[in-house]
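So the structure is just underneath, and the comments pick up after that.
The values are calculated or read from the model by the stated rules, or taken from the named source; none is laboratory data. Since the model is a prediction, treat every value here as computed from it, not as a measurement. Heads up, the Cβs are rebuilt from the backbone with ideal geometry, glycines too, and the neighbour counts pull from every protein chain shown.
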């Protein structure tokens, strides 16, 4: 029951108790005085009608006051958002570092009014920087109980700093609560520009029903953290060009607009780069930087030969540091592989190796990879090809040098795959038709490699490799 409904119920109960008491006293008085009881009952009904009118008027006044309070941003608080799962300080993004989370001073009005939008920066124990976006109430970031979130209770639900990508599930309710979807993480030192298209006004994941609501009730959120050299961002709001100063020294910005017609709700993307070098993407039309003491602008990246997009005060080309990376010496350390059998079937393969390097942050990592199933097929009539590439698994956790690292493969991961069975020409792009032509493919042996990368983009070191073969007569489970 709502607060308004509960209050009205309590007032009516009190009035009924009082009227019952008065009625009893009146009946007694009427009997003593000889007045007919029906006359007293008629008088009581008239008095009840007179009493109910002010109660209804008070209820309407209270409803108006509640709406006014909500519009002014003063609403009741509810239970905090509960993250799905638990974070580990040494795995994935890690956990929020003590004292390293900060709600930024950005306050962006919602197109319909009510609580403003804001953004929080969360730095983690594994060297990642995460951005959380939500509504703000009394210096807290959170979600609103609207659009299917928290059973539409209309309350404000605080968002804890540990609701990070690894503990939030978009569109899935956990224990009747909703985890946020407006969270992104990147490595410290990177700058970012991103967007969420067609998301809920609640700032929560809701129940995945965004597509059932009019686009006017959804929001487009554009955000970024461009670093100290950034001064402002320019963007298009419909046909109107606008410029917004960023929040220093992080170069942070946040733009909230109604979703436009013919947009794909529930989508998003991000661009990553280095300070002073990141170019804008729609709806941003330019980013203004202060480089070497001078203001300059970067516009969208234009393909060679394309016209337009000239900026009179363009920034100089990025000065990439000289490439000093030299291909590292591969180690060729032994990998230990053990088949796990269930009867005459291989249920899995257990891989283990001794870690030659320590991993202390998310920048460093070990990667276990295998070649993808080779699919000889006719991609387009008259053109044959072979599908190439790798399947890889990131370790994604801290490792002590010299410790034993293990990874388990399932048998299908190693020995089975699917390929297009025959040429289907132009129908190749149609998924519902493509499924009809998929055929299972298997192999009897596979090469496993373990690589180590010191940072994102570094040339990896091949720690070791091993070939796994199915024994004669055995088959994958």
- Looking at segment 78-112, which of the residues that are closer than 26 Å to residue 216 by Cα and either outside the structural domain of residue 253 (by TED's automatic domain parsing) or not in a loop (DSSP other than H, G, I, E, B) (or both) is modelled with the highest pLDDT? 108
- What residue, of 434, 367, 428, is farther than 30 Å from residue 343 by Cα and modelled with pLDDT of 90 or more? 367
- Query: Within segment 278-297, can you find the residues that are farther than 13 Å from residue 251 by Cα, in a loop (DSSP other than H, G, I, E, B) and either at pLDDT 90 or above or touching a helix residue (DSSP H, G or I) at 6+ places or on another chain (Cβ under 9 Å) (or both)?
  - Reply: 279, 280, 292, 293
- Note on the structure: The condition of being touching a helix residue (DSSP H, G or I) at 6+ places or on another chain (Cβ under 6 Å), at pLDDT below 95 and on the phi < 0 side of the Ramachandran plot holds, among 270, 265, only for 265
